[in-house]
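Notes follow the structure.
The values are calculated or read from the model by the stated rules, or taken from the named source; none is laboratory data. Since we're looking at a predicted model, the values are computed, not measured. Here the Cβ positions follow ideal geometry from the backbone for every residue, glycine too, while neighbour counts run over all protein chains shown.
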Amino acid sequence: MSDNKYKLKDWQDLPKGGVIPEGGNAADYETGTWRTKRPVWKEENCIHCMTCWTFCPEEAYKLRDGETKSGKPRKEIKEVDYYHCKGCGLCAKECPINKKGDKTAIDMHHEET
Amino acid sequence: MAEAMRQINPEVVAAFPITPSTQVIEDFAKFVADARVDTELVTVESEHSAMSACIGASLSGARAMTATSSQGLALMWEMLYIASSMRQPIMMTLVNRALAGGINIHCDHGDSMGARDAGWIQIYSENNQEAYDNMVMAPAIAENAGVRLPIMVCQDGFIISHSIETMQIEDDEGVRSFIGERLTEHSLLDTDNPASWGALDLADYYIEHKRAQIDAMANAKTVIQEVSERFNEQFGRKYELFESYRLEDAERVIVAISSVSGEIKQTIDTLREKGEKVGLLKIRVFRPFPYDEIREALKNAGIVAVLDRSASFGAYGPLFGEIRTALADLENPPMTYNRTFGLGGRETFPSDIADIFAESERYLQGGKIEKVSDILNVRGD
């Protein structure tokens, strides 16, 4: 991602009719600026059930390769991608650890203003 | 019009019947049934769908056409803007008809004048020959790489659409070589090169896209002249941005659009025999509006009466506004006034035109416009 790619273009340089002549570039769009609350993932309490990853509308939960206690390979939560996370809070609401109530794996903190 | 559409042989026609444009699609449907065209005729459930289908077809690279009138155009409204902002060279036969309320099937220009800011090229036709010729020119204008805008070819409902006239239809090969193939940069069906249309376009880019549309419309003026010149070379009928009829030395001029020009020309011929210096400027291209050329053509006139066949409630007629704007930059602009006529098909006769020229003479001698704006042939005034 060079800086040049994100420089706003002049009208002469735009494809006619607002067509976007490439696929998959929604990933380039920074929706993180929309956020008023920030999900903070707590690795020590996470059971890697993937519920947050499943519900996240922005695919903001990033994964890594890991393994179970018995050594089987599995995907694990790695981090939250704050470039895309809009702060909707679905992950914290759906997290089964949060639902049980004695501790939390995802906390929503107000963004500093 | 159906004949021109047959010769253009578009991949898709999507239309919903509405008087008086119905006849165009009825005739075209016969061509489809008789396999004289390769067109997919989509009989949609509304005009909104007709325009939507045309947009989808055009995005895939097809030539797409439709025909409508009045309420049909009104129902297409939001999609008209989508077509032009997506820069799709869709072609429409618009058979001008008055808008309801007060259900009326007859001619006025309220429908197309309301759509004048929708980003479509608008070309008006005085008679059937012009309607045919303008439609033959339409693909070459709309699909030009510097233009890429939708185009509506307008003709007066019933007065022209349901009249029988002698006219010249060119041979199919000649028309097809004239219009050529449509070239597209992106196609919905090109899955190897995926693209997105109709994306969100906010304050960071919307105005740049509109700026490009303004530029395309400015280019259209040049392209219309080039295509008209090429048409003249191939088919021998000359068209310009507007028609000047005995305008060269005219002191008193009428500016008008479409079929009423016939009455005006007839009246001018009669008055010219008596030595009166009268003339007509007949608008052909209304969008883009040829301000500079019209200013040049009218700079020596003493007085100009502008006939509007639509009402802009709370304002002067749309054509009058354009003409006054065009003339405002002259050091000594001609006197100008506005007459609204023919709403909902109210008849206009040569005697009405003669009255206007007489009124112009009175204003010119007196040096004063007594009534800037008025309505012809209305009871009660």
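From the list B:Glu370, B:Glu322, B:Glu347, exactly one residue is in contact with a Phe, Trp or Tyr (Cβ under 8 Å, 6 or more places away or on another chain), of a type in the set (Asp, Glu) and either surrounded by fewer than 14 Cβ atoms within 10 Å (Cβ to Cβ) or more than 24 Å from B:Gly110 (Cβ to Cβ) (or both). Which is it?
That would be B:Glu370, the only listed residue that is in contact with a Phe, Trp or Tyr (Cβ under 8 Å, 6 or more places away or on another chain), of a type in the set (Asp, Glu) and either surrounded by fewer than 14 Cβ atoms within 10 Å (Cβ to Cβ) or more than 24 Å from B:Gly110 (Cβ to Cβ) (or both).
Just to verify a result, which residue in the stretch B:151-163, among those that are closer than 19 Å to B:Ile25 by Cβ and more than 12 Å from the chain's Cα centre (by Cα), is surrounded by the most Cβ atoms within 10 Å (Cβ to Cβ)?
B:Gly157
Hey, can you tell me all the residues within the stretch B:220-237 that are under 17 Å from the mean Cα position of the chain (by Cα) and either within 14 Å of another protein chain (Cβ to nearest Cβ) or basic (Lys, Arg) (or both)?
Scanning the stretch B:220-237 gives B:Ala220, B:Lys221.
Return the pairs, sorted by first residue and then second, in which the second residue is loosely packed, with under 11 Cβ neighbours inside 10 Å and of a type in the set (Ser, Thr, Tyr), the first residue lies in the stretch A:11-38 and is within 13 Å of chain B (Cβ to nearest Cβ), the beta carbons are less than 9 Å apart, and the residues are 6+ apart or on different chains.
Close Cβ pairs satisfying both conditions: A:Asp28/A:Tyr6.
Quick check, is B:Thr191 hydroxyl-bearing (Ser, Thr, Tyr) and either away from chain A (no Cβ under 11 Å) or in contact (Cβ under 8 Å) with a residue 24 or more places away in the chain (or both)?
no
Is it the case that the stretch A:8-23 has a residue that's aromatic (Phe, Trp, Tyr), part of a helix (DSSP H, G or I) and modelled with pLDDT of 95 or more?
There is at least one residue in the stretch A:8-23 that is aromatic (Phe, Trp, Tyr), part of a helix (DSSP H, G or I) and modelled with pLDDT of 95 or more.
Identify all residues within the stretch B:127-149 that are closer than 17 Å to B:Val260 by Cβ and surrounded by fewer than 23 Cβ atoms within 10 Å (Cβ to Cβ); write none if there are none.
B:Asn127, B:Asn128, B:Gln129
Looking for whichever is over 30 Å from B:His209 (Cβ atoms) and not aromatic (Phe, Trp, Tyr) here; the options are A:Gly71, A:Gly23, A:Gly18. Which one fits?
Just one listed residue meets the conditions, A:Gly71.
Can you give me the ranges of the strands (runs of 3 or more DSSP E) entirely in the stretch B:192-284 with at least 2 residues that are β-branched (Val, Ile, Thr)?
In the stretch B:192-284, the matching strands (runs of 3 or more DSSP E) lie at B:252-257, B:278-283.
Going residue by residue through the stretch B:301-309, is there one that turns out to be in a loop (DSSP other than H, G, I, E, B), over 26 Å from B:Met152 (Cα atoms) and touching a Lys or Arg at 6+ places or on another chain (Cβ under 7 Å)?
Yes, that holds for at least one residue.
Kindly provide the set of residues from the stretch A:100-110 that are among the charged types (D, E, K, R) and surrounded by 11 or more Cβ atoms within 10 Å (Cβ to Cβ), ordered by number.
If the condition is that a residue be among the charged types (D, E, K, R) and surrounded by 11 or more Cβ atoms within 10 Å (Cβ to Cβ), then A:Asp107 is the only one that fits.
On the basis of being surrounded by fewer than 17 Cβ atoms within 10 Å (Cβ to Cβ) and either more than 22 Å from the chain's Cα centre (by Cα) or at positive phi (or both), does B:Asp215 make the cut?
It is false that B:Asp215 is surrounded by fewer than 17 Cβ atoms within 10 Å (Cβ to Cβ) and either more than 22 Å from the chain's Cα centre (by Cα) or at positive phi (or both).
Given the condition surrounded by 12 or more Cβ atoms within 10 Å (Cβ to Cβ), more than 14 Å from chain B (Cβ to nearest Cβ), outside any strand (DSSP E or B) and touching a residue at least 40 places away in the same chain (Cβ under 8 Å), answer yes or no: does some residue in the stretch A:55-74 qualify?
no
Condition first: within 14 Å of chain A (Cβ to nearest Cβ) and of a type outside the set (Lys, Arg). Can you find one or more residues in the stretch B:154-163 that meet it?
no
Could you grab me the full set of residues in the stretch B:41-56 that are in contact (Cβ under 8 Å) with a residue 40 or more places away in the chain and surrounded by fewer than 24 Cβ atoms within 10 Å (Cβ to Cβ)?
B:Ala53, B:Gly56, listed by residue number.
Every residue in the stretch B:329-370 that is touching a strand residue (DSSP E or B) at 6+ places or on another chain (Cβ under 7 Å) and either outside the structural domain of B:Phe313 (by TED's automatic domain parsing) or among the basic types (Lys, Arg) (or both), please.
Residue satisfying the conditions is B:Arg339 alone.
Do we find that B:Gly380 is of a type in the set (Gly, Ala, Ser), out of contact with any Cys (no Cβ under 8 Å at 6 or more places or on another chain) and in a loop (DSSP other than H, G, I, E, B) in this structure?
yes
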